[in-house]
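Following this message is one structure expressed as structure tokens.
The values are calculated or read from the model by the stated rules, or taken from the named source; none is laboratory data. Quantities reported herein were computed from a predicted structural model and do not represent experimental measurements. Neighbour counts are summed over all protein chains in view; Cβ atoms, including those assigned to glycine, are modelled from backbone coordinates with ideal geometry.
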Amino acid sequence: MDGTLTEPLLDFAAIRIEMGIAAGAPLLEALAQMTPTQRSAAEAILHRHEERAATQSTLNPGCDELIVWVRKQQLRTALITRNSRMSAACVLERHGLNFDVLITRDDGKFKPDPDPLLLACERLGVKPGEAWMIGDGSHDIFAGRAAGVPTVWISHGRKRDFDAEPWRTVPDLHELLRLLRSTAERV
């Protein structure tokens, strides 16, 4: 969601500092290592940041056009995010977005674990090899590869700083739409 559909607003470095988590440490994994009291306080901080980002979110350029095309093609979609369900619901409502399946960290395991992707495929009624995992972060690519789902990394002009090799790389949502259209024309 953040960075893929919407412009990223979460300042992870600031969130880590406020939560008392080491620089560079994955937030959700660090939360799992905390005592219940520490975790409760840290989750409140994370929810506050996510709520602000969700209520102030803006769609990435090309998102509206992409969603319109996907709907015209009657493609089934899932949104899989490490964010909370409340944060995701806020973004979806704010921008009038609708997905057939929504899976958040509140549903259990979260990316880079492959289970959320496998759950989405099950709910959509597709085999992992028939779906695409599209995301802008390493967790997306690691999860997709582990689930056997072809992955498309949206680079936003960045160099890849993780080992997992995506199936395809596109610089933005406009290029993703071109890739989808060209793939649909070949089918």
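For Gly137, state whether it is assigned by TED's automatic domain parsing to the domain that holds Ser87, under 13 Å from the mean Cα position of the chain (by Cα), closer than 24 Å to Pro26 by Cα and modelled with pLDDT under 95.
For Gly137, the condition - assigned by TED's automatic domain parsing to the domain that holds Ser87, under 13 Å from the mean Cα position of the chain (by Cα), closer than 24 Å to Pro26 by Cα and modelled with pLDDT under 95 - is met.
Which members of the stretch 47-84 meet the condition of being of a type in the set (A, V, I, L, M) and either surrounded by 14 or more Cβ atoms within 10 Å (Cβ to Cβ) or assigned to a loop (DSSP other than H, G, I, E, B) (or both)?
If the condition is that a residue be of a type in the set (A, V, I, L, M) and either surrounded by 14 or more Cβ atoms within 10 Å (Cβ to Cβ) or assigned to a loop (DSSP other than H, G, I, E, B) (or both), then Ala53, Ala54, Leu59, Leu66, Ile67, Val70, Leu75, Ala78, Leu79, Ile80 are the ones that fit.
Filter the stretch 156-170 for residues that are under 16 Å from the mean Cα position of the chain (by Cα) and closer than 17 Å to Trp132 by Cβ; which is surrounded by the fewest Cβ atoms within 10 Å (Cβ to Cβ)?
Checked the stretch 156-170; the qualifying residue surrounded by the fewest Cβ atoms within 10 Å (Cβ to Cβ) is Thr169.
So, Pro26, is that one at pLDDT below 95, at negative phi and either outside the structural domain of Arg178 (by TED's automatic domain parsing) or surrounded by 14 or more Cβ atoms within 10 Å (Cβ to Cβ) (or both) or not?
yes
Within the bounds of the stretch 157-164, is there any residue that is in contact with a Leu (Cβ under 9 Å, 6 or more places away or on another chain), at pLDDT below 95, under 24 Å from Leu28 (Cβ atoms) and assigned to a loop (DSSP other than H, G, I, E, B)?
So far as the stretch 157-164 goes, no, none of its residues is in contact with a Leu (Cβ under 9 Å, 6 or more places away or on another chain), at pLDDT below 95, under 24 Å from Leu28 (Cβ atoms) and assigned to a loop (DSSP other than H, G, I, E, B).
When the residues of the stretch 142-155 are filtered to those that are farther than 13 Å from Asp113 by Cβ and in contact with a Ser or Thr (Cβ under 8 Å, 6 or more places away or on another chain), which remaining residue is surrounded by the fewest Cβ atoms within 10 Å (Cβ to Cβ)?
In this case the residue turns out to be Ser155.
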